[in-house]
1. What order, most packed first, do the peptides 155-164, 394-403 have when packing is the mean number of other Cβ atoms within 10 Å of each residue?
2. Checking the cross-link filter: which aspartates and glutamates have an alpha carbon closer than 13 Å to that of K181, excluding same-chain neighbours under 8 positions apart?
3. Got a sec to turn the phi values of the stretch 98-104 into Karplus ³J(HN,Hα) couplings, 6.51 cos²θ - 1.76 cosθ + 1.60 with θ = phi - 60°, whole Hz, x for Gly and Pro?
4. Sorted from fewest to most neighbouring beta carbons within 10 Å, what does the list D467, D327 look like?
5. If Lys and Arg each add +1 and Asp and Glu each add -1, what is the summed charge of the other residues whose beta carbon sits under 12 Å from the beta carbon of F256?
6. Could you work out how far helix 70-86 tilts from the main Cα principal axis of the chain, as a 0 to 90 degree angle to the nearest 10?
7. Under a 5 Å amide H to amide H cut-off, with H placed in plane at 1.01 Å, what residues pair with K524 once short-range neighbours are removed?
8. In the chain, if the dipole is taken from +1 on Lys/Arg beta carbons and -1 on Asp/Glu beta carbons about the Cα centre, which of G169, S409, L84 is farthest to the positive end?
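No value in this document is a laboratory result; all are computed from the given coordinates. Fair warning: this is a prediction, and the values are worked out from it, not measured in the lab. All Cβ positions, even for glycine, are placed from backbone atoms using ideal geometry, and neighbour counts span all protein chains on display.
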Amino acid sequence: MDLLPSAHLDTFCRDHLPPAEQWPELRFDLPELAYPERLNCATVLLYDVIDQHGGDRPCLHAPGADTWSYADLLAAANRIAHALVEELGIVPGNRVLLRGPNNPWLTACWFGVLKTGAVAVTTMPLLRPGELATINEIARIDLALVDERFLSGTEGLSGDLGVRVVSFGGSAGLPSLMEGKPTSYDDAATSSDDVALLAFTSGTTGRPKATIHFHRDVLAICDTFSRHVLRPSPDDVFTGTPPYAFTFGLGGVLLFPLHAGASTVLVEKATPAELARIIDDFGVTTCFTAPTAYKAMLAAGATLPSLKAAVSAGEHLPAATWEAFRDTTGVRIIDGIGATEMLHIFISAAGDDIRPGSTGREVPGYTATVLDQEGAEAAPGEPGRLAVKGPTGCRYLSDPRQETYVRNSWNITGDTFSRDEDGYFWYHARSDDMIISAGYNIAAPEVEEALLKHPEVAECAVVGVPDEARGSVVKAYVVLSDASLGSPEKVRELQDFAKAEIAPYKYPRALEFVDELPRTATGKLQRFRLREDA
């Protein structure tokens, strides 16, 4: 497709977009997706929201800290933007790495970067030096803004790699550069298809991929999933555990509340029990977290009377967890599937539209289907590859895997789904999590869901392991609520329990008790590590 004239003086990102013929088809069918040619998403989310709702409204809460108003956030972001340009030499198109947990100063830095027309590269705060080196190798970082508590591990950036590292969160570093800077700033007049951020996949295997998202993409996820499914109001209070580097968290914890003029409670780190207390203390109405956290909050005795909406994504939501949460809190968890490549959720349902166990239907603005092995649309009920189109889509930064994710103009997410006659999508497995044993196709999440119904199973993961007689067999790795209960007798008990819940051929013929499951920094289960260890 033809791109608009860019405001970027540093054209690295645009120069490394995939060729046009490798792009997915982009659709802008909703009237709210007709964005102007010149668009800076920071302007819309701060200046425009303040014009509509006022600057004195509460914006950013944080446990143990003062609340920032919208005017406070705007002033800090503007002063940061001045410091970036006037003291640090940032020009539109430069890549600025951000490292730190969700808090008001990381938020101000994120907006400050976008205001200058630079590209935000938000990272998980605990990435190791080698991982940061890989990000720099891919994205060619020009500057790193780092929470002073997380400077350890960035020595390689500032040393061998020559990236300037500036701290924030204390009195030195960025705060000193901001001193005396104006609290007003003229945001860069970026194009709607100028790059706003690079989001790195937290994927379960292989070299990370940098996904490219434009200024219009940042607003598109607000004008699709948030506007039409979540439907927040300015009086809502959001919170969630996913970090900004995980685009599920960027949308749910920051973009969606600000787009609606609402406020958000920023959580640096919290156990499920602590998250439940935060929800109660701040009167949170909308929460974004993983299925395991919702289950654990119930186990901690939480009832969450203020909560009106709970959103789950990142991994499959078991029907048992959904039903238990509804029965205890009265809240129907909004399940959804999204992808870093798509920026946020594109299939979901809320309220009376929810069918427990189903991921939902296409989010307005998106279209989805299920493709069979030949690439044709699968019949209702037939499992196949999930394929999606919409206003956002996969664009990897100089990565040959673009041709794997985008095929025939569809985004192929790597998930196995079926779709019923009513248009509801039903998750089966990640496409590489389908286990073939003695000719049977067995979806690992289905076995996991059966085991999770046992009252003594806290977490579990299921993979296929090689077997001479059957090709592969189902193996379950189980975390018990009480590790002392693990025994050969408990193995047989759980196997029999699974046989009673699902077809006997699906039961885990091998079962191992573990203290914890391997996960990425964003909480995604790393089944490949279990396969490697099997």
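1. Working: 155-164: 14.8, 394-403: 18.9.
Peptide ranking by packing, descending: 394-403, 155-164.
2. Of all the aspartates and glutamates, those that pass the test against K181 - Cα under 13 Å, at least 8 places apart if same chain - are E86, E87.
3. Result, rounded to whole Hz: 10, 9, x, x, 4, 7, x.
4. Ordered by Cβ neighbours within 10 Å, fewest first: D327, D467.
5. Once positives and negatives cancel, what remains is 0.
6. The two axes meet at around 70 degrees.
7. Under 5 Å from the amide H of K524: no residue qualifies.
8. In the chain, that residue is G169.
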